[in-house]
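The values are calculated or read from the model by the stated rules, or taken from the named source; none is laboratory data. Since the model is a prediction, treat every value here as computed from it, not as a measurement. Cβ: placed from backbone, ideal geometry, glycine included. Neighbour counts: every protein chain shown. Note: accessible area is taken over every heavy atom of the protein model, side chains too, but ligands, DNA and RNA are not part of it. Shrake-Rupley method; radii C 1.70, N 1.55, O 1.52, S 1.80 Å.
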Amino acid sequence: MNLEAIISSVKKKKYLIISEVELNELLSNSKLIIEENTYISDKIRLLKFKDVLILQEKTTKDEYLVRLMKTKKEAEEFVKERLDIYNRMWDGCGCKVKYYE
């Protein structure tokens, strides 16, 4: 799927699973806004492609998942929530990230 098709699809869905090849194309053609290492499930990134904000993360099933973000503030809050969950996981809380919600 090309980048335009990815953007079109992610605008219609809550999230979209992409291949590693598609991720690499997205990374090489987007501006990196935020990148945080989760230390459990790779990195979580906010990317800007044209005027679209895309949040990318890797699931525990090794899937590359992207979702549309309306604003940078919304994305920052989302990243913070994810990092908080990952931090609690280190303490053995039994928490799980709900990637598909």
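Structure data summary
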item	result
Residues of the stretch 71-101 classified as in a loop (DSSP other than H, G, I, E, B) and either touching an Asp or Glu at 6+ places or on another chain (Cβ under 7 Å) or closer than 22 Å to L3 by Cα (or both), total	3
Any hit, the stretch 71-85, residues being polar (S, T, N, Q), modelled with pLDDT of 95 or more and on the phi < 0 side of the Ramachandran plot	yes
Yes/no for I6 being part of a helix (DSSP H, G or I), among the β-branched types (V, I, T) and touching a helix residue (DSSP H, G or I) at 6+ places or on another chain (Cβ under 7 Å)	yes
Residue that is open to solvent by less than 30 Å² (accessible area, probe 1.4 Å), closer than 29 Å to M89 by Cα and either in a strand (DSSP E or B) or among the basic types (K, R) (or both), where the choices are L68, L32, L23, L53	L53
Any chance K96 is of a type in the set (K, R) and within 24 Å of K12 (Cα to Cα)	no
Test for E63: is it among the acidic types (D, E), open to solvent by 10 Å² or more (accessible area, probe 1.4 Å), modelled with pLDDT of 95 or more and farther than 14 Å from V97 by Cβ	no
Filter result for K48 (free of Cβ contacts under 8 Å to residues at least 40 places away in the same chain, touching a Ser or Thr at 6+ places or on another chain (Cβ under 8 Å), open to solvent by 70 Å² or more (accessible area, probe 1.4 Å) and not in a loop (DSSP other than H, G, I, E, B))	yes
Matching residues, the stretch 71-89, being over 20 Å from L16 (Cα atoms) and either of a type in the set (S, T, Y) or open to solvent by less than 30 Å² (accessible area, probe 1.4 Å) (or both)	Y86
Residue ID - surrounded by the most Cβ atoms within 10 Å (Cβ to Cβ), chosen from residues in the stretch 1-20 that are touching a strand residue (DSSP E or B) at 6+ places or on another chain (Cβ under 8 Å) and among the polar types (S, T, N, Q)	S9
